[in-house]
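Just below is one structure, and these are the notes that go with it.
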């Protein structure tokens, strides 16, 4: 599917998105009831990664993918922190991050293919392919 400008529009879904975040502070939790160490039942667990329902989780994920995209040539938007743009003399690729989805639009399918390959090397993702939207959805 293409946008009204003829650009390709793709979507990718990040698997277990909130487990990708790296904690910047020490966080601890009680042992899960389903996994209590019988030799040390009063020990607590130090988290190495974020978990669902932590208030830090969404921002740690966004920080991690933002850093990865910026180090690979994308620029962040001054207006929206989940919008990334990569421009060359002739081509443009735009990414919008919506929680666990990446919406990718661009005027060059080769650049989009390369971007998909790049992010799949770092994060486990499902390529949902081209999105089927109407031009009225993009207005």
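Worth pointing out:
- Count of residues meeting criterion [part of a loop (DSSP other than H, G, I, E, B) and either under 21 Å from residue 123 (Cα atoms) or modelled with pLDDT of 90 or more (or both)] in the stretch 44-83: 13
- Residues in the stretch 84-109 that are within 11 Å of the chain's Cα centre (by Cα) and either assigned to a strand (DSSP E or B) or loosely packed, with under 14 Cβ neighbours inside 10 Å (or both): 95, 96, 97, 98, 99, 101, 102, 103.
The values are calculated or read from the model by the stated rules, or taken from the named source; none is laboratory data. Note that the structure is a prediction, hence the values are computed from the model and not measured. When we count neighbours, we look across all protein chains shown, and the Cβ atoms used for this are built from the backbone with ideal geometry, even at glycine.
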